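The next block holds one structure in the form of structure tokens; read it before the comments.
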Amino acid sequence: MFFGHDLVKSKVEFSSLEGGEELNIAYGADDKFMFGAGVSIESVIINNNDRKLKFHIFTDDISRENLDKLSQVCKKHKTTINIYNVNTDFIKTLPTNKTWNHAIYFRLMIADYFYGKVSKILYLDSDVFCNGDISYLVNLDVSRYTVAAVSDPGAKNIIEADELFGTQLGFKGYFNSGVMLINTNEWYRLSITKKSMHTLVNESKFDSLKYYDQDAGNDSNLLIVLYREVVPDDLIMQLHRL
């Protein structure tokens with residue numbers, strides 16, 4: 001495990017969920033994206049009100065106002081929302097730009113943190129909106145895979161990534177890290193976070209990285225274990241970006 005026991009500095013739990021959850025869903029966001037995460041959570045709940053869902057938000061910056069809003073969402077929909085204040089000392093040294101700050105690496109923390117706690121967890125970017133039933137993901141067996149993800153054939157940097165990593169992403173596919181159903185046991189067994197970090201701190205590859213954590217996950221060493229199962233096309237209609 002790359003991120004150790006000092007990952008979570010503190011935790012706030014809002015819960016009105018009755019009984020055990022059917023699916024754990026996680027987000028990584030700073031305070032600027034907390035509104036989007038809240039909208040995404042409500043969109044999932046409203047379209048899946050027959051499901052018992054438990055939500056998790058990893059952050060290092062959340063206002064009292066947003067905490068109160070998330071508490072209200074929890075009470076309104078009888079769900080659970082856990083907010084984790086995480087140690088960001090290391091990830092703040094990783095590549096960022098004007099569009100993406102260090103929060104893009106929260107998804108790697110999430111995959112590490114839930115090892116030994118849940119067998120699978122759905123990661124969603126804060127700008128992902130749900131407008132339908134996600135039963136497929138609730139029931140999907142990923143025990144033989146590391147991640148179920150959607151290919152991103154429109155990614156502009158596929159050719160550069162192939163040249164950088166010596167891969168065939170243009171042929172095999174380049175996955176989008178905005179929606180990932182993660183098998184936490186396989187992720188841990190194969191040290192995916194550690195391998196991704198190795199790519200991110202590799203100076204010879206630094207200038208060629210365009211989408212940082214996503215490119216690192218599409219590294220040739222990770223492709224065979226990450227890109228095994230693709231979420232069916234009809235589900236893309238249920239989970240899409242705002």
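GLY20 sits among other residues whose Cβ lies under 9 Å from its own Cβ, and their net charge, with Lys and Arg +1 and Asp and Glu -1, is 0. Pick out, in residue order, every one of the trypsin sites (Lys or Arg not before Pro) in the range 51-106 that is DSSP loop and has at most 14 other C-beta atoms within 10 Å; say none if there are none. Within the range 51-106, the qualifying trypsin sites (Lys or Arg not before Pro) (loop, at most 14 other Cβ atoms within 10 Å) are LYS78, LYS98. Note on the range 1-143: dipole from Cβ charges, positive end direction compared against ILE110, PHE3, PHE35; the farthest Cα belongs to PHE35. Near ALA29, within a Cβ-to-Cβ distance under 12 Å, what is the net charge of the other residues, with Lys and Arg +1 and Asp and Glu -1? Around ALA29, the surrounding residues sum to -4. Convex hull of alpha carbon positions in the range 1-94: directionally averaged projected area 6.6 nm². Within the shell defined by Cβ-Cβ distances under 13 Å, the residues around SER63 carry a net charge of -3, with Lys and Arg each +1 and Asp and Glu each -1.
Every read-out reported here was derived from the displayed coordinates using simple, explicitly stated rules and does not represent laboratory data. Because the structure is predicted, anything quoted here is derived from the model rather than measured. All Cβ positions, glycine included, derive from the backbone under ideal geometry; neighbour counts span all protein chains shown.
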